[in-house]
Amino acid sequence: MKSTEDRLREFQTQNNIATKGPLSLVIQFTRLVRDKEFPLNSDDFQTSSKGQVAGLGGANLKKILKEHRITQQLSAEGGRTSRGSMGLMIKYVDFLNEWHKEEAVDLVAVEEFWAEQVREYFRNQPFILTADTSKTIGANLDELFEQARKRQKQNPGTQYLGTVLQHLVAAKLCLIMPENSFEIHGASVADGPTDRNGDFVINNTIIHCTTMPGALLIEKCKTNLRNGTHPVIITIFDRVHTALNLAEDAGLAGRVEVWDIQQFLSANVYEHSLFDESKRNSTLSDIISRYNNIVLDTETDPSLRIEFDAK
């Protein structure tokens, strides 16, 4: 006999339940029929006009997801008006009825399965960089980094912000450096195992990318200096003073460059656009395209991609 997960995955694949509308329907409908007697009758779950599935709604969906500790909004309408909802509901009723003929259906476990699919949906969504020309490039980047921070909090143990930062630096370097003039590694690859002195080694400059400058990083900078190379720390704006203070406390004041990622990228955009505002988005788009190629080549998580939304 098939397991609960195998049955549900098969139904999910057959009916392409991976987007907002279908996921909104199945998780709400599972809750709706928890106390119903089998066999279910699909006619009982249609509005009087027969045009929509009864019992679906944004508030109801939000409540169910919150119980599963999912705080993102999946669908404002809760799948009520999604095209294909009626047909999917009828198929789901038939599926549950057939399953019930073989064994009692644990609808609590079924609901948890769909909740996990919702989590997976959010995990796989790309970040969005909105290129709003009414704001500074730094402000647009801040919004992007805030998305990474939020996703990091929702998925403990992940380092989305640091990974995005490192690969954006790599993307910019690809624009200004000759091809194959430096190596690009996955963000989870430590310096030690690859015999690197930092994240990027370019001639006698060593670039370190971090969102949390600390003592270990300063020790690496000391090693760089002893070896006759020049360390550069690229971090988020909020951590620039932290890095500078750590360097000063270690006796490295004036010997370590510290840049914030917002200025590092925005200066490049203005330079390559020749300070022509009309070309700004084209240059940003080029950086994001290179970033996405780097993610494709070095990472296994598709949610690290960035979708460029020009306004």
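A few points about this structure:
- Every residue from segment 294-309 that is of a type in the set (S, T, N, Q) and touching a residue at least 24 places away in the same chain (Cβ under 8 Å): T298, S303
- The lone exception for S75 - which of (1) open to solvent by 30 Å² or more (accessible area, probe 1.4 Å); (2) part of a loop (DSSP other than H, G, I, E, B); (3) not hydrophobic (A, V, I, L, M, F, W, C) it fails: (1)
- Residue count for segment 102-139, restricted to those that are in a helix (DSSP H, G or I) and without any contact (Cβ under 8 Å) to a residue 60 or more places away in the chain: 6
- Residue within segment 164-171 that is in contact (Cβ under 8 Å) with a residue 12 or more places away in the chain, out of contact with any strand residue (DSSP E or B) (no Cβ under 6 Å at 6 or more places or on another chain) and open to solvent by 10 Å² or more (accessible area, probe 1.4 Å) present: no
Let's see how each residue does on (1) without any contact (Cβ under 8 Å) to a residue 40 or more places away in the chain; (2) touching a helix residue (DSSP H, G or I) at 6+ places or on another chain (Cβ under 7 Å); (3) of a type in the set (S, T, N, Q); (4) under 14 Å from V110 (Cα atoms):
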| site | (1), (2), (3), (4) |
| --- | --- |
| T13 | yes, no, yes, no |
| T19 | no, no, yes, no |
| F29 | no, yes, no, yes |
| E37 | yes, no, no, no |
| N41 | no, no, yes, no |
| D44 | yes, no, no, no |
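- Restricting the search to strands (runs of 3 or more DSSP E) fully inside segment 204-266 and requiring at least 1 residues that are farther than 22 Å from S181 by Cα gives 230-235, 257-260.
The values are calculated or read from the model by the stated rules, or taken from the named source; none is laboratory data. Keep in mind it's a predicted model, so treat the numbers as computed, not measured. In this analysis, Cβ positions are derived from the backbone assuming ideal geometry, glycine residues included, and neighbour counts consider all displayed protein chains. The area values use the complete protein model at the heavy-atom level, side chains included, leaving out ligands, DNA and RNA. Shrake-Rupley method; radii C 1.70, N 1.55, O 1.52, S 1.80 Å.
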